[in-house]
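To keep things clear, I will list the structure first and then write my remarks on it.
The values are calculated or read from the model by the stated rules, or taken from the named source; none is laboratory data. Just so it is clear, the structure is predicted and the values come from calculations on it, not from any experiment. Here the Cβ positions follow ideal geometry from the backbone for every residue, glycine too, while neighbour counts run over all protein chains shown. Ligands, DNA and RNA are excluded from the accessible area calculation, which covers all protein heavy atoms including side chains. Shrake-Rupley method; radii C 1.70, N 1.55, O 1.52, S 1.80 Å.
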Amino acid sequence: MALHNKNSVKENLLDDVYASTDMSVRMPKYVFPADEHDPRHAYQVVHDELMLDGNSRQNMATFCQTWVDPEVHKLMDECVDKNMIDKDEYPQTAELEARCVHMLADLWNSPDAVNTLGCSTTGSSEAAMLGGMALKWRWRDKMKKEGKPTDRPNMICGPVQICWHKFARYWDIELREIPMEKDRLIMTPEEVIKRCDENTIGVIPTLGVTFTCQYEPVKAVCEALDKLQAETGLDIPVHVDGASGGFLAPFVEPELEWDFRLERVKSINASGHKFGLSPLGVGWVIWRDKEDLPEDLIFSVNYLGGDIPTFALNFSRPGGQIVAQYYNFLRLGREGYRKIHQACYDTAQALADKITEMGPFEIIYNGKGGIPALSWKLKEGVDHGFSLYDLSDRMRSRGWQVPAYSMPANREDLVIMRMLVRHGVSRDLGELLLADMQRCLDFLKKNPMTVPLSEEDAGGFSHSK
């Protein structure tokens, strides 16, 4: 019978993590470690650092999904090793992606959903850029056929988030962004037509503006462009940035015409990890017809034994989010999505009513006519003794992230707070937030700010910078 000296196995005993040698010294942070560490210890170090992040469920600034079904967690675990770009090795993941494309084409009323073109992306920003690239290529091809210069393309949009600014800069396009003015905080048909010319590659209405959460009037813009074409011959296409609204309007407002029912709408992007209810990060872009996606944008790649057509800014990426999206489509269907989103709208409007009753605030948006969200400003002509930046900063003491920020060009004077109501923000959770908000107001009333905080000191992430 073998004998063992206890001292020979002492180092392998399961000591308490925080009594270990690894944890009694400072682990390297900015240089590559020379030695290996016990996996439990390395995990605990990383875990402890992550405790300093905010609680995503209390992040009322984000549009992204922060709660998912237990089944989604399981599917993500099962797909952690799947590279969705390798369609030869993972053909069924590729099949689920294709099914999602056709389902979305059907949801967005494509005239030929069975034969539609589309793809998944890392999110709505990449999807938006793919849609924008197709617009530029089609415009450039048209101008070349007419023997006209192609060096001054422009695109027209309302107040947009950073991804469209990036697109315009990266692809050398003049961004004709319609600024806010007085009470007009979104795109209007009149403002669009003022900016159109033969170098306009497309108009980009947003179904859920980042700053105010309102839908821009897609149908009215299309009708104005129809009239412009009849009068001048200018045929300007529309790409709808449906980052949030693309997964809301079809279920809650199916009568709203914003999608492929409008012939001028050539492509739509949306974010699966926002109101599509999938985990970060997946987006989608769908084109109306094959002709709307120029063939020279599509690459045929021989990859690990298979010939793959691809149109993307990214290549290798995980397949789990796509699988989770398909699961959600099967699990919820139109009725399930409607119930979830309608509950969010109802909660947003209830919270808006309660915030109005608090006294200092004027509601700007209460969840009607856009995304399930609400925004408010301080009543004018009153010395409140605090700014919205003060209130936002104070609410962080209880873990709530409710951003305060100023509006973009021409309305920098308007400072608002905004709250998104996503799946997982229950009425009870909202009541807890309001109770903490009232406590913060009571504190600020009792302790007025001598020098109120500014946006530089405590401004929230507004997606505009």
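Quick notes
- Restricting attention to the stretch 354-393 and to residues that are among the basic types (Lys, Arg) and over 26 Å from the mean Cα position of the chain (by Cα), the residue that is farthest from His341 (Cα to Cα) turns out to be Lys379.
- Which listed residue is assigned to a loop (DSSP other than H, G, I, E, B), farther than 30 Å from Val402 by Cβ and touching a Lys or Arg at 6+ places or on another chain (Cβ under 9 Å), from Glu89, Glu97, Glu71: Glu89
- Test result for Val160, assigned to a helix (DSSP H, G or I), under 14 Å from His239 (Cβ atoms) and among the β-branched types (Val, Ile, Thr): no
- Subset of the stretch 105-114 (residues that are without any contact (Cβ under 8 Å) to a residue 24 or more places away in the chain, open to solvent by 70 Å² or more (accessible area, probe 1.4 Å) and over 23 Å from the mean Cα position of the chain (by Cα)): Val114
- Looking across Glu257, Glu223, one residue alone is in a helix (DSSP H, G or I) and under 30 Å from Lys142 (Cβ atoms). It is Glu223.
- Residue match in the stretch 195-204 (condition: part of a strand (DSSP E or B), within 25 Å of Arg418 (Cβ to Cβ) and open to solvent by less than 10 Å² (accessible area, probe 1.4 Å)): yes
- So Glu335, is it assigned to a loop (DSSP other than H, G, I, E, B), among the charged types (D, E, K, R) and open to solvent by 30 Å² or more (accessible area, probe 1.4 Å): no
- Filtering the stretch 380-422 to residues that are among the hydrophobic types (A, V, I, L, M, F, W, C) and over 29 Å from Glu177 (Cα atoms) leaves Val382, Phe386, Leu391, Met395, Trp400.
- All positions within the stretch 134-147 that are open to solvent by 20 Å² or more (accessible area, probe 1.4 Å) and part of a helix (DSSP H, G or I): Lys136, Trp137, Arg138, Arg140, Asp141, Lys142, Lys144, Lys145
- Matching residues, the stretch 352-406, being open to solvent by 10 Å² or more (accessible area, probe 1.4 Å), touching a strand residue (DSSP E or B) at 6+ places or on another chain (Cβ under 6 Å) and of a type in the set (Val, Ile, Thr): Thr356, Ile363, Ile364
- Residue match in the stretch 117-124 (condition: assigned to a loop (DSSP other than H, G, I, E, B) and open to solvent by less than 40 Å² (accessible area, probe 1.4 Å)): yes
- Candidate set: the stretch 46-104, residues that are of a type in the set (Ser, Thr, Tyr) and more than 20 Å from the chain's Cα centre (by Cα); chosen: the one least open to solvent (accessible area, probe 1.4 Å): Thr93
- Counting the residues of the stretch 40-80 that are in contact with a strand residue (DSSP E or B) (Cβ under 6 Å, 6 or more places away or on another chain) and without any contact (Cβ under 8 Å) to a residue 40 or more places away in the chain gives 0.
- Enumerated strands (runs of 3 or more DSSP E) restricted to the stretch 357-421, each holding at least 2 residues that are at pLDDT 90 or above and within 17 Å of Leu434 (Cβ to Cβ): 361-365, 373-378, 415-420
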